[in-house]
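J.: What follows is a single structure, and I will ask about it in a moment.
Computed from the coordinates by the stated procedures, all read-outs in this text should not be read as laboratory data. Everything quoted here is computed from the prediction, not taken from an experiment. Because the Cβ atoms are built from the backbone with ideal geometry, glycine has one as well, and the counts that use them run over all protein chains shown.
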Amino acid sequence: MTRGRKAHRPDEPERRCVATGESQPAAGLIRFVLAPDGASAVPDLAGKLPGRGAWLSADRAAAERAERKRLFSRAFKRQVAVPEGLADLLETLLVRRLVDTLSLARKAGQAVTGFEKVRERLRGGEPGALITARDAAADGREKLRRLAPEAPWIGVLDGRELGLAFGREFAIHAALDRGGVAARALGEAGRLSGFREGVSPRFSAASAAASRPDDRGAADAPVAGCGDREGSGQGAGTDARADGTGASVGADTGLRRATDGCGAAAAPKDDG
């Protein structure tokens, strides 16, 4: 899979990236709009803000090039600024969106975490997505992947970031039921993969579509979420924050600590 992209469907709209000049499906790009003052371009990750948009590939190199060469000024045909450290900002926002999506799945009873619970879930049928922290032990990761070798796999979050979605300090393994939330999580992980390594090469729009309720086979057995304690990083209103400047990002200190600390701490032990 090309990082940050999905397989193209004929009916899916395409947009041109301001950094590469290439056209690709909008689902694999990040939309920017002008702030109300007209002096800056801000990311619209949900794609819902009003106004004319400019599009950027969900890719670190593209974001760095767009910032360095001031390509949004060309796209909007006026001098506009972008937040300093644009690539890092986009990574932080995409982490937040994925964490919020997984938190939603947990609250809806569509996600489990913990090695034994995930293994039990996989034995009941292929999940919508198998999730492993990118700092997980290799042996535990491979044991679970052998149980569902064809399942879409997400590995772009570290143990602390994944833990935020499940209301705990760390989480290493998780599984999502098939359905719309899994499809959304796969889409967010696909964009985040442009800034981090870790999405399965098998991931594509087809695998996301297979997670939607209309494409489901036999119903999956309902599985309860993993505890009721809320994590410090489960902030609501992600889409509203995504249209602000860099100063508005990271108000959630739990998520900021998890993002800033990637790789700084020792790898957590396998929770199995």
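J.: Given points 7 Å out from each Cα along the Cα-Cβ axis, report the ARG70 to GLU84 separation in nanometres with one decimal.
T.: So the label points at ARG70 and GLU84 sit 1.6 nm apart.
J.: A further question follows. For ARG15, which sequence-distant residues (separation of 5 or more, or a different chain) have an amide H within less than 5 Å of its own amide H, given hydrogens modelled in the peptide plane?
T.: The list, which skips near neighbours in sequence, is GLN24, ALA26.
J.: Can you pull out the trypsin sites (Lys or Arg not before Pro) in the stretch 139-171 whose DSSP state is coil and whose Cβ has at most 13 other Cβ atoms within 10 Å?
T.: Details: sites: ARG141, LYS143, ARG145, ARG146, ARG160, ARG168; in loops: ARG168.
Of the trypsin sites (Lys or Arg not before Pro), not one in the loops of the stretch 139-171 has a Cβ with at most 13 other Cβ atoms within 10 Å.
J.: Of the GluC sites (Glu not before Pro) in the stretch 114-182, which ones lie in a loop per DSSP and count no more than 16 other C-beta atoms within 10 Å? Display every interim value, and only then the final one.
T.: Details: sites: GLU116, GLU120, GLU142, GLU150, GLU161, GLU169; in loops: GLU150, GLU169.
Those that pass, being in a loop and sparsely packed, are GLU150, GLU169.
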